[in-house]
Amino acid sequence: MRKIISILVRNHPGVLSHVAGLFTRRAYNIESIAAGETENPDVTRITITVSGDEVIFEQVTKQLRKLIDVIRVRDLKYAESITRELVLLTIYAGMEKRQEVIMIANAFGASVVDIAERTITLEFVGNQRKIDTILHALEAFKIKELARTGIVALPLESQIEQHETML
Amino acid sequence: MTSTKKTGAQIIIQSLIDAGVEHIFGFPGGAVIPIYDVLYDAPLKHILTRHEQGAVHAADGYARATGRVGVCLATSGPGATNLVTGLSTAHMDSVPLVAITGQVPVAMIGNDSFQEADIYGITIPVTKYNYLVKHIEDLQRVIKEAFYIAQTGRPGPVLVDIPKDIQTAKVRPKKIGPVHLPGYLSLGKGHPKQIKAILQAIKNAHRPVIYAGGGIVTSGASEELRKFIQKTQIPVTTTLMGKGVYPENKPLALGMLGMHGTKYANYAIYESDLIIAMGVRFDDRVVGNLAQFAPMAKIIHMDIDPAEIGKRMAVDIPIVGDLKTILCLINQKIQIQVRKSWIKQVEKLKQENPLIFEETGSLKPQFIIKTLSEITKGEIIITTDVGQHQMWTALYYHTTEPRRFISSGGAGTMGYGFPAAIGATVGRPDMPVVAITGDGSFQMCIQELATARTYNLPVKIFILNNGYLGMVRQWQELFYDRRYSFTNLEFNPDFCKVAEGYEIPSIRVTEAKEVRDAIDKALNIDGPVLVDFYIDKEENVIPMIPPGGGQTGFIGEGETYA
Ligand SMILES: Cc1ncc(C[n+]2csc(CCOP(=O)(O)OP(=O)(O)O)c2C)c(N)n1
Ligand SMILES: [Mg+2]
């Protein structure tokens, strides 16, 4: 099972070490981690995608809450949150294949950000499903390089229920 | 504070004084000379140990004996890394410490400078929190926070790493406000709904058992626990960390449970229909096999740390909060109970499965500890090292008050016991302190004999000398076909001669009939004493449940109990 945890932490140089260190020490698996400032420069939001069962997940959130730098931990349910990831993808596509790639990109709302003699670089943003779909559609092309930001997420305010884990 | 400028070092020492610190255990070096310069005539007592590990364990023993924050000080690089084992030891047992380390100047950090070590990075997993101070303006706040964090909630060690140029820079001290840490300590006080559920469960229970641990000590909840037991007549077993929360010589006390616990404690757990776990963590040395732990029982788990709930054991009624507060609430509401048949059954378990050892001609460690327990009535402070001697002490010494049995439980750190005893005597000069150690463990911090001598600290060192790394040898005997691979300490120094070198009086005991006199004599000598007990070399710690075993699966008995 995969879960998204959104945590607000005090913004200082050691905070990422403390958070990442917790995952190493307790042997939890991080699938992705994305960090950036919030509207308050003293506060950073870290969005972590973890995999594991319900018991592990509960431990992760509890242990995260214990970290001194952590201000707030939120379990973001997929259905009640908006999730986005940015992908940069460079694929091998010479002259003859360019049109095909551009067509696929257009169909999925990806944009072309660079074209070189033998490669094309695409940029696309979306939730996991959308990203998986685009990557699938481009499977025929050999990837030169791929960079993903990791998932960022916020609760969908329109879905009033924000499941805060208790305790 | 006045508004004249002060150096960082002056601010550090003033902040310690403001935090109520009276004693610091430390060892100097280049990166802390400015701090030591201020210490030279500060109104603080500094105890110079002979190794940083001695300093941090002493600070830990001081904290456990007094309930106050222990403080240690070390230089950068190797000085700081020598603290790591001690920090981990304190962290595992939730002991409040503040460790201050010197660091190379800010501008030199990251250059592999002389005596640079990333102690901030190194200690993240073994501290409750840590700091690297890069701006002198932060210093006052950081030290104040460090003390606050170390002793609030579930306590733990906090490290503050301070570069040398921060120690020498000058700033005008400010008045600092209360600690502000958003998100920290949103602690439960015991949910009323859960309190109700607990009261109901206790009312319904026929065979309840209390399983109490270090959390009771930390919370200062021993008095409340005693009231609770008096009202409910529920038998109590404790962990190593919980020894003394209830007097172990009372009829309702079952002693320690777990791998080397008493049989009757483990059997009572097995038979129970309600386990009331207080300030414990279902550690694997207590609960080898989770499925076979109290199979017929409902489990109540009280702890200050929500992350302990459900970490290892699925529980029926969790309650999060300060144990003293919770027990106080329960005591207000609970009714007097009588449990004649269960108490009878427990008494029978005790009678039928007593702690026994063969009292043959050779000197038995159990006999020594039992005699010590009798002579002192379980009222002095005992520290232990790690190994067989630790378990014999846990079993045969009947501790009567909390903070009087001091031992490295979670980490199991050999070398802890003697420096911890030094710290305990510094913190409690009014109490006799005996360090029970092994011939192996003692040699891991033996250099602290110099500290005991220098300050004439009345630590009584009792070595249970078996010539072996006994506990490991026992495992090899039982599980590795008696292949004693590197557990025979073929050469040990003559510990009495070593003591003599440090100008510390010593006694050698080789026969049972000398034990009582030796203990009496040692306790009555002013200052440090070493007693070297030549014990039976291959004596084992019994009872024993092999690792991963169920609560009734004692070695040598098969699964006969049912
Ligand atoms: C620092 C450290 N190293 C290794 C161990 C593993 N260990 C546990 S008990 C033990 C034997 C201790 O020997 P001794 O102090 O003589 O005590 P005894 O068991 O003989 O009473 C060892 C080596 C440990 N607990 N701590
Ligand atoms: Mg030994």
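The values are calculated or read from the model by the stated rules, or taken from the named source; none is laboratory data. Predicted model only: the values in this text are computed from it and were never measured. Ideal geometry is used to build each Cβ from the backbone, glycine not excepted, and the neighbour counts take in all protein chains shown. Protein only, heavy atoms only, side chains kept; ligands, DNA and RNA dropped before computing areas. Shrake-Rupley method; radii C 1.70, N 1.55, O 1.52, S 1.80 Å.
Points worth noting:
- Aspartates and glutamates whose Cα lies under 18 Å from that of residue B:348, excluding same-chain neighbours fewer than 8 positions away: B:248, B:271, B:273
- In the context of the full set of protein chains, residues of the protein assembly as shown present 43 Å² of accessible surface per residue (probe radius 1.4 Å, heavy atoms only).
- Interface size, chains B and A: roughly 1600 Å² of accessible area buried, both sides included, 1.4 Å probe, rounded to the nearest 100.
- Chain B: C-alpha gyration tensor shape, a/c 1.5 cut-off, then a/b vs b/c: oblate
- Per-q log10 I(q)/I(0), the protein assembly as shown, q = 0.06, 0.08 Å⁻¹ (Debye; single scatterer per alpha-carbon; no solvent): -0.43, -0.73
- Contact residues in the range A:1-43 (at least 30 Å² less accessible area with all protein chains than alone, 1.4 Å probe): A:10, A:18, A:25.
- Segments A:112-121, B:230-239, B:28-37 sorted - mean Cβ within 10 Å per residue, highest first: B:230-239, B:28-37, A:112-121
- In sequence order, calculated HN-Hα J values of the range B:354-369 (Karplus, 6.51, -1.76, 1.60; Hz; x Gly/Pro): x, 6, 9, 9, 6, 9, 7, x, 6, 7, 9, x, 4, 5, 4, 5
- Within the protein assembly as shown, helix-based [θ] at 222 nm, where runs of 4 or more DSSP H residues each add -39,500 (n - 2.57), nearest 500: -10000 deg cm²/dmol
- For residue A:1 and residue B:5, a Förster radius of 51 Å and the Cβ-Cβ distance give a FRET efficiency of 0.35, rounded to the nearest 0.05.
- Solvent-accessible surface (1.4 Å probe) assigned to residue B:165 amounts to roughly 60 Å².
- At q = 0.18, 0.19, 0.21 Å⁻¹ the log10 of I(q)/I(0) for the range B:91-224 amounts to -1.08, -1.16, -1.29, computed by Debye summation with a single uniform scatterer per C-alpha, solvent ignored.
- Taking the 1.4 Å solvent-accessible surface of the protein assembly as shown as the whole, the part contributed by carbon and sulfur is 53%.
- If R0 is 51 Å, the Cβ-Cβ spacing of residue B:18 and residue A:146 corresponds to a FRET efficiency of close to 0.40.
- Take each residue in A:58-67, count the other chain C-beta atoms within 10 Å of its C-beta, and the mean is 4.
- 23 Å Cα-Cα threshold exceeded, pairs from A:97/A:144; B:263/B:340; B:250/B:340; A:62/B:263: A:62/B:263
- Which of B:296, B:391, B:414, B:544 is most accessible, then next, and so on - probe 1.4 Å: B:296, B:414, B:391, B:544
- For residue B:339, solvent-accessible area (1.4 Å; no DNA, RNA or ligand), Å²: 30 Å²
- For the range B:420-431, Karplus couplings with θ = phi - 60° (6.51, -1.76, 1.60), whole Hz, Gly/Pro x: 4, 5, 4, x, 5, 5, 5, x, 10, x, 7, 10
- Length gained when the stretch residue B:456-residue B:46 is fully extended (0.36 nm per residue, less Cα-Cα span): 146.2 nm
- Once backbone amide H atoms are built at 1.01 Å from N, residue B:132 has B:161 as its partners under 5 Å, excluding neighbours fewer than 5 places away on the same chain.
- Near the amide H of residue A:93, within less than 5 Å, lie the amide hydrogens of A:119, A:120, all on another chain or at least 5 residues away, with H placed in the peptide plane.
- Global form of the range B:192-352, assessed from the alpha-carbon gyration tensor, a/c cut-off 1.5: rounded
- Solvent exposure of residue B:328, expressed as accessible area, is near 50 Å², computed with a probe of 1.4 Å over the protein chains only.
- Cross-link reach list, aspartates and glutamates versus residue B:324, counting only Cα pairs under 12 Å and skipping chain neighbours closer than eight places: B:223, B:224, B:303
- Estimated FRET transfer efficiency when R0 is 51 angstrom, pair residue B:355-residue B:181 (beta carbons, to 0.05): 0.65
- Value of D in µm² per second that Stokes-Einstein yields for chain A, Kirkwood Rh from Cα pairs, at 37 °C (0.692 mPa s): 186 µm²/s
- Using alpha-carbon coordinates, inclination of helix B:139-151 to the longest axis of chain B, degrees: 10 degrees
- Residue B:524 paired with residue A:29, simple spin-label distance in nm, labels 7 Å along Cα-to-beta-carbon: 6.8 nm
- Chain B, relative contact order [Cα under 8 Å, separation at least 6], %: 14 percent
- Shape of the range B:1-112, Cα gyration tensor, a/c cut at 1.5: oblate
- Those lysines that a straight Cα-Cα span of less than 26 Å connects to residue B:134, excepting residues fewer than 8 apart in one chain: A:66, B:5, B:6, B:144, B:164, B:170, B:174, B:175
- Computed 3J(HN,Hα) for the range B:338-345, one whole-Hz value per residue from the Karplus formula 6.51 cos²θ - 1.76 cosθ + 1.60 where θ = phi - 60°, is 10, 9, 4, 6, 5, 4, 4, 4, glycine and proline marked x.
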